[in-house]
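Below: the structure, in structure tokens.
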Amino acid sequence: MARGRMQVGSVRLALPAGPVVMSMTADASANPVPVSLSVHAPGIPLALFARYAGLPGQVSGTARVEANLRGSGRTVRDLAASLDGPVLVAAVGGRISNAALIRLASASLDALGIKVPAQGETALRCLGLAGSFGNGVAR
């Protein structure tokens, strides 16, 4: 990483559900390098997540994403091990292929005794993930 402070003020991306606002800072003059990332996105298409995660089948709907994360280190592994801050992902409405649902949640589905057929779709009425990182551990 180059020496010096890098700051990306706010990056705004226009999406149909509202603007995505992200900011990131890193100070390469410090050791370890402190990095912060802030994301406010009221409506990212779930299909975008599914595509980048390599999930099978169709996915529709939007998700709200909020994050305010901090970490420090000279490598990605160091940053991940020091990660602190809250994360929220929430979706109301939409659909997910059963194949994608099984890939995402098979351990939980099995533990709860829920059988999902491999074919077809599942309606997403409410899906949420809220947690925080502390010293690289997610809760």
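The values are calculated or read from the model by the stated rules, or taken from the named source; none is laboratory data. Note that the structure is predicted; figures quoted are calculated from it, not measured. Counting neighbours? That spans all protein chains shown, and the Cβs are built from the backbone with ideal geometry, glycine included. The accessibility values were calculated without ligands, DNA or RNA, using every heavy atom of the protein model including side chains. Shrake-Rupley method; radii C 1.70, N 1.55, O 1.52, S 1.80 Å.
Numbers for the structure displayed
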| read-out | value |
| --- | --- |
| Apportionment of accessible area to carbon and sulfur, the chain, percent (1.4 Å) | 60 percent |
| Cβ-derived FRET efficiency at R0 25 Å, Gln58 paired with Cys126, nearest 0.05 | 0.80 |
| Length-normalised contact order for the chain - Cα pairs under 8 Å, 6+ apart - percent | 19 percent |
| Within region 6-139: Cβ-based charge dipole about Cα centre, in debye rounded to nearest 20 (Lys, Arg +1; Asp, Glu -1) | 200 debye |
| Accessible area per residue, Å², region 86-139 with all protein chains present, probe 1.4 Å | 68 Å² |
| Phi to ³J(HN,Hα) by Karplus 6.51 cos²θ - 1.76 cosθ + 1.60 over region 67-80, Hz, x for Gly, Pro | 8, 9, 10, 9, x, 8, x, 9, 10, 4, 4, 4, 4, 4 |
| In degrees, nearest ten, helix 98-112 long axis to first principal axis of the chain (Cα) | 90 degrees |
| Kirkwood-Stokes translational diffusion coefficient of region 1-126, alpha-carbon pairs, 37 °C, 0.692 mPa s, µm²/s | 195 µm²/s |
